[in-house]
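The values are calculated or read from the model by the stated rules, or taken from the named source; none is laboratory data. None of these values were measured; they are calculated from a predicted model. FYI the Cβ positions are ideal-geometry reconstructions off the backbone, even for glycines, and counts take in every protein chain you see. Accessible surface areas use protein heavy atoms only, side chains included; no ligands, DNA or RNA. Shrake-Rupley method; radii C 1.70, N 1.55, O 1.52, S 1.80 Å.
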Amino acid sequence: MLAKRIIPCLDVKKGRVVKGVGFKGLRDAGDPVELALAYYEQGADELVFLDITASYERRRTLIDLVERVSEVLFIPFTVGGGIRTVSDIRSVLSAGADKVSINTAAVKNPAIIEEASRRFGSQCIVVSIDVKRVYVAEDETPAGKEVLETRRGRCWWDVYIYGGRQPVGMDALRWAERAVELGAGELLVSSLDFDGTKQGYDIELLRELSRRVSVPIIASSGAGNPRHILEALTVGGADAALAASIFHYGQYTVEEVKRYLAEHGVPVRL
Amino acid sequence: MVRIAIVDYGVGNLKSIRNGLRKVGAEAFVTGSVEGLKDVDAVVLPGVGAFGEAIRNLADMSGVLRSLVDAGRPLLGICLGLQLLFTASTEGGFHRGLGFFRGLIVKLPSRVKIPHIGWNTLEILNPGCVLLEDIPDGSYVYFVHSYYAKVEEGVNVDAETVYGVRFPSVVSKEPVFATQFHPERSGKVGLRVLENFVNYVRR
C-alpha cells in the first residue's frame, strides 16, 4: 500500500539551515548535510531544501550543497527557491537532486512547467504554490475567483510570489489545475495564513485541492503537532506533509509522528 | 573492486545511483558511449526520462548490451531502465524496447493518482532472488513512474507491488535483473538491494 510521506523542510541560506516564522525572523539551525542525515536516520521519507539566499553567489553554493547531500542521502530530495530557468532546473537535477520545486518562475512564465516536464519528466517537477485567504462579503463573488464557504467565512485563495511577499490576484485553485495540465508532477501547497502559527494546516484548502487535481499534494505550513499532520493527510486528503519547526527544534522526531499516524490507521513507512 | 558502468542516455539525475553503488563498495562510473562499456563487470540502466527518447539514445549501445549479457555480465535495469528491457512500450506512441523480457509497458490505470510517487510495499514472490536476499517481505521502497510492465508468461516476477493494479516490481532472468522502484532512493532497504547486486557481480 502506498504510504503517506513525511517530509522535513530545510530552509537554506548561504549553505546553512535557517527557519523563520511566517517566512520572516530567521534563526540559524544547523548544517544542512548533518541535519539531512539525522532526518534520514529518523525515517524521513523525503527532504526538501528551500534555498532562500538572495545573493549573487547563491547558485554555486546551492549546487555544492546538492552534490554534498547526494553523496550521503539515499532518499529522494527536492530543491527549490529561486529556480528561474530550464537551465537552473537541469543543473540542480544533474547535481543529484531528484526534483525541483518552482514557484515564482512558474507563475510568471507557466510555459516553464511544460518545457521542464517534457524534458525531465513530470515526476521531477514540483509546482510550489504560496496562498493566502481573501475573505469576501456574503453577497460578493469576484470574477474569476473560486469562493468557498469555510469555518472562518467565505473566501478565495490568492497566489503569492517572491517568497510570500507579493500577491498576484490569481485564484490558487484554478492555478493549481492549470499547473497540473501543464505537467506539474506534484503540488506543494503552503498557506501564508497558517505558516509558522502551529495552528494546523489549511485543511479546507487541501480538501478542495485534492478533490480537483489528480497529482499528489504535499501539504505545507502550520504543523504544530502530530494531530495537525494527521488531519492534513486524512481530512485534507494530502499525500504528504511537509514540516519544519516541529522537527528542527526537537519537539517531535519524524519517527514519533509516524508512529502516531500508524496508530491512527494511516499507512506510513516505519 | 567491481567496475560498474551506468549508462547515460540523455537526461536527469545519475549521481544518486552512482553514489549508491559507491556506497556499497563498487567502482561506479557514468558513460554515454560504447567504448565506456569495455572491460566492465556489470552495467546499470538507470531510470530517468521518457521511453521513446531513451531508446533512441540507446540505439548505438543495444548490440553491446546484448553481447555483454550473452557473455554473462550482469545487467540491472532501474525504473525506466526496467521498462527499456521489455519488448515494447506504449508511452507516447509505440516504441520497441531492448527485448530482454517479454511484455508490454502500459500506463497505470486512471483510477489512481499518476505518477505513482512514493513509498510502497514489496510483495516478495521469490525470496530466492539474488537481489532480494535479506529483504523482508512487505518492505517499503521508493517508486516514481507512470507506466508498468505487463509481463508475458515465462518472465520471472520476483516481487510485485499494488497500485491501482498489481504490477511486477522486481523481474529477473540471470544475469539480467530489474526493479521498477529506485533502490538508490529507497534508504537502507534500497542500499541492500544494490549491495546484493554488487555481491552477485563479484561472485
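Among the criteria (1) in contact (Cβ under 8 Å) with a residue 40 or more places away in the chain; (2) within 13 Å of another protein chain (Cβ to nearest Cβ); (3) of a type in the set (Lys, Arg), the one B:ARG96 does not fulfil is (2).
Among the residues making up segment A:94-110, those that are free of Cβ contacts under 8 Å to residues at least 24 places away in the same chain and more than 7 Å from chain B (Cβ to nearest Cβ) are A:ALA105, A:ASN109. For segment B:99-117, filtering for residues that are within 14 Å of chain A (Cβ to nearest Cβ) and of a type in the set (Val, Ile, Thr) leaves 3. Residues in segment A:211-221: is at least one more than 22 Å from B:GLY118 (Cα to Cα) and surrounded by fewer than 23 Cβ atoms within 10 Å (Cβ to Cβ)? No; the residues of segment A:211-221 include none that is more than 22 Å from B:GLY118 (Cα to Cα) and surrounded by fewer than 23 Cβ atoms within 10 Å (Cβ to Cβ).
Annotation: of all residues in segment A:105-143 being of a type in the set (Ser, Thr, Tyr) and open to solvent by less than 30 Å² (accessible area, probe 1.4 Å), the one that is farthest from A:ILE89 (Cα to Cα) is A:SER128.
Among the residues that make up segment A:190-199, is at least one of them of a type in the set (Asp, Glu), within 14 Å of chain B (Cβ to nearest Cβ) and surrounded by fewer than 19 Cβ atoms within 10 Å (Cβ to Cβ)? There is no residue in segment A:190-199 that is of a type in the set (Asp, Glu), within 14 Å of chain B (Cβ to nearest Cβ) and surrounded by fewer than 19 Cβ atoms within 10 Å (Cβ to Cβ). Selection within segment B:149-164: residues that are touching a residue at least 40 places away in the same chain (Cβ under 8 Å) and open to solvent by less than 40 Å² (accessible area, probe 1.4 Å). The member of this set that is nearest to B:PHE177 (Cα to Cα) is B:VAL155. Considering only segment A:144-160, state which residues are open to solvent by less than 90 Å² (accessible area, probe 1.4 Å) and of a type outside the set (Phe, Trp, Tyr). The answer is A:GLY144, A:LYS145, A:GLU146, A:VAL147, A:LEU148, A:THR150, A:GLY153, A:ARG154, A:CYS155, A:ASP158, A:VAL159.
In a residue-by-residue description of segment A:86-97, the property of being among the β-branched types (Val, Ile, Thr), in contact with an Asp or Glu (Cβ under 8 Å, 6 or more places away or on another chain) and within 19 Å of A:PRO32 (Cβ to Cβ) applies to no position. When the residues of segment B:98-114 are filtered to those that are outside any strand (DSSP E or B) and open to solvent by 20 Å² or more (accessible area, probe 1.4 Å), the one that is nearest to B:VAL155 (Cα to Cα) is B:GLY99.
Could you tell me whether A:LEU65 is surrounded by fewer than 18 Cβ atoms within 10 Å (Cβ to Cβ), under 22 Å from A:ALA243 (Cβ atoms) and either more than 11 Å from every other protein chain (Cβ to nearest Cβ) or at pLDDT below 90 (or both)? No. The residue of segment B:165-203 that is most open to solvent (accessible area, probe 1.4 Å), among those that are more than 23 Å from B:SER146 (Cα to Cα) and among the aromatic types (Phe, Trp, Tyr), is B:TYR200.
Residue pairs whose Cβ atoms lie under 6 Å apart, separated by 6 or more positions or on different chains, with the first residue in segment B:28-57 and touching a residue at least 60 places away in the same chain (Cβ under 8 Å) and open to solvent by less than 40 Å² (accessible area, probe 1.4 Å) and the second part of a strand (DSSP E or B) and charged (D, E, K, R), do not occur. The residue pairs whose first member lies in segment A:245-268 and is more than 17 Å from A:TYR39 (Cβ to Cβ), whose second member is outside any helix (DSSP H, G or I) and open to solvent by less than 60 Å² (accessible area, probe 1.4 Å), and whose beta carbons are closer than 6 Å, counting only pairs six or more residues apart or on different chains, are A:ALA262/A:VAL268; A:VAL266/A:LYS4; A:PRO267/A:ALA3. Within segment B:119-163, the residues that satisfy the criterion of being among the charged types (D, E, K, R), in a strand (DSSP E or B) and within 14 Å of another protein chain (Cβ to nearest Cβ) are B:GLU123, B:GLU160. Restricting attention to segment A:252-270, the residues that are more than 14 Å from chain B (Cβ to nearest Cβ), outside any helix (DSSP H, G or I) and either loosely packed, with under 15 Cβ neighbours inside 10 Å or at positive phi (or both) add up to 2. Segment B:1-89 holds helices (runs of 4 or more DSSP H) entirely within its bounds, and those carrying 1 or more residues that are under 15 Å from the mean Cα position of the chain (by Cα), within 14 Å of chain A (Cβ to nearest Cβ) and at negative phi map to B:15-23, B:51-58, B:80-84.
Put simply, of B:LEU125, B:LEU98, B:LEU104 the only residue that is over 30 Å from A:ALA97 (Cβ atoms) and touching a Ser or Thr at 6+ places or on another chain (Cβ under 8 Å) is B:LEU104.
Against the numbered list (1) touching a residue at least 40 places away in the same chain (Cβ under 8 Å); (2) surrounded by 14 or more Cβ atoms within 10 Å (Cβ to Cβ), B:ILE117 comes up short only at (1). For segment A:192-199, does any single residue satisfy the condition of being of a type in the set (D, E, K, R), farther than 25 Å from A:HIS228 by Cα, touching a residue at least 60 places away in the same chain (Cβ under 8 Å) and out of contact with any Pro (no Cβ under 6 Å at 6 or more places or on another chain)? No: zero hits.
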